[in-house]
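Engineer: Dumping the structure here so I can ask a few things about it.
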């Protein structure tokens with residue numbers, strides 16, 4: 001560009017007389033916003049709350065602790081041939097990413113047991129995840145949200161977590177009679193089970209549950225995949241079943257997970273104390289070990305969002321012990 005040399009003295013004079021403070025104020029504000037505030041918010045615009053701040057681990061990059069405000073909706077997989085898509089794990093060549101998922105199980109008939117003191121929640125597990133800054137996906141039954149609305153609201157509003165759907169009543173979506181003793185759900189009621197659970201989760205105060213559904217017990221068939229399709233969800237099962245609901249010790253759970261995790265894995269666990277009492281201790285062993293191996297913890301939405309996730313064969317799915 002050819003500059004008008006005659007105007008240079010005028011421009012220099014204006015620069016000398018321009019007030020400094022009004023210029024610095026917006027520049028400083030922009031700099032602070034980009035850094036997440038003066039106290040540090042992960043450098044990516046996350047809130048500075050300790051539960052969501054990114055933290056470096058073992059000298060490597062931090063786990064992703066939560067999307068910024070106004071982030072786009074969680075990604076889903078497209079339905080195929082009128083059947084709900086089923087996601088089991090992310091890309092094996094997409095880096096050492098792993099998603100911990102937890103089922104918050106409760107059925108309507110468990111109300112009396114809860115009133116008698118049985119714990120279907122696990123606050124200590126949630127506290128451990130927050131303390132270690134581990135993102136996770138929680139699959140919640142509607143009945144659990146009704147029983148523990150304060151905890152559901154806390155989980156749903158913490159950017160460290162995302163809340164998915166685990167049906168309302170935790171019944172079997174398969175015509176198999178061997179789905180871990182779960183009460184069967186009739187085909188006509190399957191869609192309603194999903195819708196009712198979302199309604200209960202939102203009623204508890206979770207503003208944006210993700211459009212992911214986990215079949216109770218890991219059991220489903222072609223009929224169930226077709227029945228749930230109108231709900232617009234992606235079924236998320238998993239490729240590493242921890243067995244925490246049937247294991248004798250926390251070490252047994254940890255060793256099973258550590259032996260089976262691969263890049264892109266989705267780990268199936270439980271956030272129900274009475275059903276899986278050793279999960280918290282197992283997680284406290286699993287997390288540092290996987291981080292030492294170079295893994296980074298993410299929510300399921302990040303694995304699906306890579307666009308290279310694995311859509312498993314859609315058919316009968318039994319024996320996963322979920």
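The values are calculated or read from the model by the stated rules, or taken from the named source; none is laboratory data. Since the model is a prediction, treat every value here as computed from it, not as a measurement. In this analysis, Cβ positions are derived from the backbone assuming ideal geometry, glycine residues included, and neighbour counts consider all displayed protein chains.
Engineer: When you go through 206, 163, 228 one by one, which is the residue that is assigned to a helix (DSSP H, G or I), surrounded by 24 or more Cβ atoms within 10 Å (Cβ to Cβ) and at pLDDT 95 or above?
Structural biologist: The conditions single out 228.
Engineer: If residue 287 satisfies all but one of (1) within 17 Å of the chain's Cα centre (by Cα); (2) modelled with pLDDT under 95; (3) surrounded by 20 or more Cβ atoms within 10 Å (Cβ to Cβ), what's the number of the condition it fails?
Structural biologist: Unmet for residue 287, out of (1) within 17 Å of the chain's Cα centre (by Cα); (2) modelled with pLDDT under 95; (3) surrounded by 20 or more Cβ atoms within 10 Å (Cβ to Cβ): (2).
Engineer: Here is a list: 244, 248. Which entry is free of Cβ contacts under 8 Å to residues at least 60 places away in the same chain, part of a loop (DSSP other than H, G, I, E, B), over 24 Å from residue 176 (Cα atoms) and in the same structural domain as residue 134 (by TED's automatic domain parsing)?
Structural biologist: Testing whether each residue is free of Cβ contacts under 8 Å to residues at least 60 places away in the same chain, part of a loop (DSSP other than H, G, I, E, B), over 24 Å from residue 176 (Cα atoms) and in the same structural domain as residue 134 (by TED's automatic domain parsing) leaves just 248.
Engineer: Let me ask another. Restricting to segment 254-273, count the residues that are surrounded by fewer than 24 Cβ atoms within 10 Å (Cβ to Cβ) and part of a helix (DSSP H, G or I).
Structural biologist: Total meeting the criteria: 6.
Engineer: Next question. Considering only residues that are in a helix (DSSP H, G or I) and buried (at least 17 other Cβ atoms within 10 Å of the Cβ), which ones fall in segment 209-225?
Structural biologist: Listed by number, the residues that qualify are 216, 217, 218, 224, 225.
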